[in-house]
Amino acid sequence: LRAQALEAIQNSTDDQAINEARVKFLGKKGPITAVLRGMKDLSKEERPKVGQFANEIRDQIQVALDEKRAAIEAARLNQQLVSETLDVTLPGRPVIQGQPHVIQQIIDQIIDLFVGMGYEVATGHEVEEEVYNFEKLNLPKDHPARDMQDTFYITPSILMRTQTSPMQARMMEKHDFSRGPLKMISPGKVYRRDTDDATHSHQFHQVEGIVIGEHITMADLKGTLEAVAQNLFGDELSVRLRPSYFPFTEPSVEADITCFNCHGQGCSICKQTGWIEALGAGMVHPNVLKMSGVDPEVYGGFAFGLGPDRFAMLKYGVEDIRNFYLNDMRFLTQFDQKG
Ligand code: PHE
């Protein structure tokens with residue numbers, strides 16, 4: 001029996017076999033238990049001998065079981081150590097690193113420029129009150145110029161802002177002019193009820209700019225816009241202002257930048273004019289100042305609104321604005337700043 005048991009234990013290679021051997025030889029229905037149970041039928045003389053012998057065998061089997069179990073456990077641990085070894089010399093898998101979207105890159109560049117000139121940056125609400133988007137910008141209800149910007153209304157008084165200009169009013173209302181002029185840019189998304197095509201997107205971006213203080217002139221506006229043009233498109237470019245119309249500026253202008261491609265010589269990008277239409281701007285209308293609690297007799301200044309989408313298209317020769325919003329990585333990774 002002992003030999004049988006020890007052999008069975010030796011041949012066990014896993015926990016289950018060990019367990020079976022234990023049940024078979026030491027279990028309640030096993031031979032040892034049977035012998036020990038049968039003791040009562042033995043004579044007084046035989047009992048201690050048989051008992052001792054049975055106990056010995058039981059102990060030996062138990063020891064063998066314990067040893068084997070430990071051996072199996074050790075073997076498993078070893079195998080695990082081998083199979084889970086890390087080869088620290090293997091080259092790593094490349095991690096795809098994200099990067100700012102090309103439009104955000106342009107916005108960040110504009111922010112850097114203006115922060116360097118002492119402007120504050122304020123982001124507003126994409127869901128805006130009609131009052132701020134239109135009324136306080138000198139666009140009363142039924143003003144025909146509202147047709148210039150097809151609007152997504154949420155309720156009659158709440159809308160998706162069609163421009164970042166509401167931030168002009170919001171910031172002027174908050175500003176304490178006794179502490180100096182207001183100099184602010186406001187980048188963000190704007191929405192218009194347009195049908196998307198190569199040059200229209202129902203959602204695009206603007207960066208609003210406003211400077212209000214004493215003795216601010218149109219020359220300041222021109223100089224500021226020139227700084228933008230040179231920062232984004234190249235040194236030595238200049239800006240020209242053409243008369244235009246916005247209800248919230250008077251006079252209003254459309255600013256053109258010298259064509260960065262031909263430097264004013266005339267090429268296909270600037271349609272042979274030497275100039276590229278860049279943005280809308282003007283001197284803030286006295287009505288707008290008044291409605292935001294600013295005295296037009298004392299303070300005044302300029303505002304502009306530029307389109308980073310348009311700037312990105314110009315700068316990189318992108319012909320379809322929809323490319324910016326399709327999230328095609330083949331397109332977007334072209335603008336990887338890490339090169
Ligand atoms: N908000 C105008 C637009 O979206 C741009 C603009 C801003 C014009 C500020 C003048 C002053 O067309």
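The values are calculated or read from the model by the stated rules, or taken from the named source; none is laboratory data. Bear in mind that the values here come from a model prediction, so they are computed numbers and not experimental data. Here the Cβ positions follow ideal geometry from the backbone for every residue, glycine too, while neighbour counts run over all protein chains shown.
Restricting the first member to region 28-48 and to residues that are more than 14 Å from R58 (Cβ to Cβ), and the second to residues that are of a type outside the set (K, R) and modelled with pLDDT of 85 or more, the beta-carbon pairs closer than 7 Å and six or more apart or on different chains are L42/V50. If the condition is being over 15 Å from Q60 (Cβ atoms) and of a type in the set (K, R), then region 1-23 contributes no residue at all. Among the residues making up region 194-215, those that are surrounded by fewer than 19 Cβ atoms within 10 Å (Cβ to Cβ) and either hydrophobic (A, V, I, L, M, F, W, C) or away from the ligand (no atom under 14 Å from the Cβ) (or both) are T195, D196, D197, A198, T199, H202, G213, E214, H215.
For region 238-288, which residues satisfy the criterion of being buried (at least 19 other Cβ atoms within 10 Å of the Cβ), more than 13 Å from the ligand (Cβ to nearest atom) and within 23 Å of K183 (Cβ to Cβ)? Scanning region 238-288 gives V239, I257.
Restricted to region 290-320, and to residues that are of a type in the set (S, T, Y) and away from the ligand (no atom under 16 Å from the Cβ), which residue is nearest to S165 (Cα to Cα)? Result: Y299. Within this structure, G293 passes the test of being over 18 Å from F233 (Cα atoms), touching an Asp or Glu at 6+ places or on another chain (Cβ under 7 Å) and in contact (Cβ under 8 Å) with a residue 12 or more places away in the chain. What pairs come up if the first residue lies in region 246-266 and is touching a residue at least 60 places away in the same chain (Cβ under 8 Å) and of a type in the set (A, V, I, L, M, F, W, C), the second is exposed (fewer than 15 other Cβ atoms within 10 Å of the Cβ) and part of a loop (DSSP other than H, G, I, E, B), and their beta carbons are under 8 Å apart, counting only those six or more places apart or on different chains? Listed pairs, sorted by first residue: none to list. One residue alone among L241, L279, L237, L232 is of a type in the set (A, V, I, L, M) and in contact (Cβ under 8 Å) with a residue 60 or more places away in the chain, and that residue is L232. Filtering G118, G124 for residues that are touching a strand residue (DSSP E or B) at 6+ places or on another chain (Cβ under 9 Å) and at positive phi leaves a single hit, G118. The residue list T151, T164, T155 contains one member that is more than 14 Å from the ligand (Cβ to nearest atom), among the hydroxyl-bearing types (S, T, Y) and either modelled with pLDDT under 95 or out of contact with any helix residue (DSSP H, G or I) (no Cβ under 8 Å at 6 or more places or on another chain) (or both), which is T155. Among the residues of region 127-142, those identified as of a type in the set (D, E, K, R) and either outside any loop (DSSP other than H, G, I, E, B) or surrounded by 14 or more Cβ atoms within 10 Å (Cβ to Cβ) (or both) are E128, E129, E130, E135, K136. Taking region 1-47 as the range and being among the hydroxyl-bearing types (S, T, Y) and either on the phi > 0 side of the Ramachandran plot or loosely packed, with under 14 Cβ neighbours inside 10 Å (or both) as the test, the residues that pass are T13, S43.
Scanning region 128-169 for residues that are within 17 Å of P187 (Cβ to Cβ) and either charged (D, E, K, R) or within 25 Å of the chain's Cα centre (by Cα) (or both) yields E128, M160, R161, T162, Q163, T164, M167.
Of the residues A169, A145, A122, the single one that is within 19 Å of G307 (Cα to Cα) and surrounded by 14 or more Cβ atoms within 10 Å (Cβ to Cβ) is A122.
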